[in-house]
Amino acid sequence: MAGIPLPKGYHSVNPYILVAGVEPLIEFLATVFGGKEDGERELTSDGRIGHASVRIGDSVVMLSEASEAYPARPCVLFAYTDDVDVTYRAALVAGATAILEPTNQPWGDRVGGFHDPFDNRWWVAAHLTEFA
């Protein structure tokens with residue numbers, strides 16, 4: 001990609017989640033993924049969180065409080081973790097519902113899935129082997 005380099009810590013594609021309840025989602029990301037809020041929150045004129053960022057591993061997840069103009073939109077995210085079983089269990093304890101218990105997949109990943117309490121679907125994985 002030509003031009004000005006990306007902001008530090010950002011990739012060419014970064015998830016942006018619109019949700020009713022940004023604060024609880026930030027807490028969920030911290031509990032489940034060890035996410036750390038990154039930078040300053042931007043508040044709207046009525047005090048809602050208009051923008052926040054959470055760093056998970058080497059990635060940034062951007063968040064905004066849903067509004068009438070920008071309604072909540074469930075999304076699907078895929079995240080590699082150091083230990084998919086630990087992440088999966090932490091998500092269930094934090095209020096997620098199970099989709100798939102972690103299982104080894106033929107392409108070399110161990111993958112589990114869950115719905116977070118905000119209607120987003122997460123697939124979490126740990127890479128176990130090189131592709132054949």
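Looking only at residues that are in a strand (DSSP E or B) and in contact with a strand residue (DSSP E or B) (Cβ under 6 Å, 6 or more places away or on another chain) in the range 57-77, which one is surrounded by the fewest Cβ atoms within 10 Å (Cβ to Cβ)? Walk me through it before giving the result.
Taking the range 57-77 first, the residues in a strand (DSSP E or B) are 59-65, 76-77.
Going one step further and asking which of them are in contact with a strand residue (DSSP E or B) (Cβ under 6 Å, 6 or more places away or on another chain), we end up with 60-65, 76-77.
Details: VAL60: 20, VAL61: 21, MET62: 16, LEU63: 24, SER64: 19, GLU65: 22, VAL76: 10, LEU77: 15.
Within the range 57-77, the match that is surrounded by the fewest Cβ atoms within 10 Å (Cβ to Cβ) is VAL76.
Being crowded, with 21+ Cβ neighbours inside 10 Å, in a strand (DSSP E or B) and of a type in the set (Ser, Thr, Tyr) is a description that applies to SER53. I'd like to know if the range 56-64 contains one or more residues that are touching a residue at least 24 places away in the same chain (Cβ under 8 Å), at positive phi and within 13 Å of the chain's Cα centre (by Cα). For the range 56-64, residues touching a residue at least 24 places away in the same chain (Cβ under 8 Å), at positive phi and within 13 Å of the chain's Cα centre (by Cα): present. Would you mind stating whether VAL86 is at pLDDT 95 or above and out of contact with any strand residue (DSSP E or B) (no Cβ under 7 Å at 6 or more places or on another chain)? Answer is yes for this residue.
For every residue, the table says whether it meets (1) hydroxyl-bearing (Ser, Thr, Tyr); (2) assigned to a helix (DSSP H, G or I); (3) within 21 Å of ILE17 (Cβ to Cβ).
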residue: ASP82; (1), (2), (3): no, no, no
residue: ASP85; (1), (2), (3): no, yes, no
residue: TYR88; (1), (2), (3): yes, yes, yes
residue: LEU92; (1), (2), (3): no, yes, yes
residue: PRO102; (1), (2), (3): no, no, no
residue: PHE114; (1), (2), (3): no, no, yes
residue: ASP119; (1), (2), (3): no, no, yes
residue: ALA125; (1), (2), (3): no, no, yes
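The values are calculated or read from the model by the stated rules, or taken from the named source; none is laboratory data. Please read all numbers here as calculations on a predicted model, not as lab measurements. Neighbour counts run over all protein chains shown; Cβ positions are idealised from the backbone, glycine included.
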